[in-house]
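Remarks on the structure that follows.
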Amino acid sequence: MDLKLKPLALAFICVVVIGFGDTAQQNSNNFLSSYDVQECVCQKMGWEPKCSKQPIKACPGKVIAFHAVLSNHLRNVPTSTIIKFDRVDLNDGNGYDPNTGKFTAPVDGVYYFLWTFSINKGTIAYLCGTVDGTCRSHVATYDLASKAEQISGHLVTRMKKGNRFWIQTFWKTVQFLHNNYSFLSGYKVSGC
């Protein structure tokens, strides 16, 4: 076999082995365990992704992800207020603290954050995805004409262990944020 095709063939075999596992009936722990076994098979065949050459020692094989929801309406929220999403549906890695509204990176890596807010007609809302006190991603609505609307923000950022992310208001008082339709999610994309 041509030396240039050998890595491609090995990668294809790994994709097939990983891709055709029976994951429909597996819970997340079983899936991760199964994935670790399949990754080991790929490594024994000589195929190894670049990222795995730099293992994340502080949190090997663990998922870092969270999803938290606003459980009560918020009204007349002053500027520079951190929004505390108090109903935590997922907090793998224990990075999100509902008491402070802040996510603390448990390990170095690239992280993705998404936030969505539901607001009523006429609401003014200026919200910011903040990393360690610096506003990194702005979302806003002013004098909404429709009955209700959802606004979303996203941020992909490199974080060091201990860096913090949160959502806070800026510029004007936020008049109304709807419960259950307002949430914050985040997860670690990469450690390499």
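Scanning segment 83-93 for residues that are touching a strand residue (DSSP E or B) at 6+ places or on another chain (Cβ under 6 Å) and surrounded by 13 or more Cβ atoms within 10 Å (Cβ to Cβ) yields I83, F85, R87, V88, L90, N91, D92. Restricting to segment 62-77, name every residue that is within 17 Å of I119 (Cα to Cα) and not in a strand (DSSP E or B). The answer is L70, S71, N72, H73.
Taking (1) part of a loop (DSSP other than H, G, I, E, B); (2) under 12 Å from S182 (Cα atoms) in turn, S80 satisfies each apart from (2). Selection of segment 146-192 for residues being over 16 Å from D132 (Cβ atoms) and charged (D, E, K, R) yields K147, E149, K172, K188. The set of residues in segment 118-148 that are within 20 Å of F183 (Cβ to Cβ) and touching an Asp or Glu at 6+ places or on another chain (Cβ under 9 Å) comprises S118, I119, N120, T123, T141. Within segment 117-132, the presence of at least one residue that is touching a strand residue (DSSP E or B) at 6+ places or on another chain (Cβ under 7 Å) and in contact (Cβ under 8 Å) with a residue 60 or more places away in the chain is confirmed.
Of all residues in segment 108-135, those being within 15 Å of the chain's Cα centre (by Cα) and under 18 Å from G95 (Cβ atoms) number 11. Within segment 137-159, residues that are assigned by TED's automatic domain parsing to the domain that holds F113 and closer than 14 Å to W171 by Cβ reach partners that are modelled with pLDDT under 80 and part of a strand (DSSP E or B) with beta carbons closer than 7 Å, at six or more positions or on different chains, in the pairs T141/E149. The residues of segment 150-174 that are surrounded by fewer than 16 Cβ atoms within 10 Å (Cβ to Cβ), in a strand (DSSP E or B) and modelled with pLDDT under 90 amount to a single one, Q150. Within segment 99-127, being assigned to a strand (DSSP E or B) and either at pLDDT 95 or above or within 18 Å of V189 (Cα to Cα) (or both) holds for K102, F103, T104, G109, V110, Y111, Y112, F113, L114, W115. Kindly establish whether G186 is at pLDDT 85 or above, part of a strand (DSSP E or B) and not aliphatic (A, V, I, L, M). Yes; evaluated as a whole, the condition is true for this residue.
The values are calculated or read from the model by the stated rules, or taken from the named source; none is laboratory data. Just so it is clear, the structure is predicted and the values come from calculations on it, not from any experiment. Counting neighbours? That spans all protein chains shown, and the Cβs are built from the backbone with ideal geometry, glycine included.
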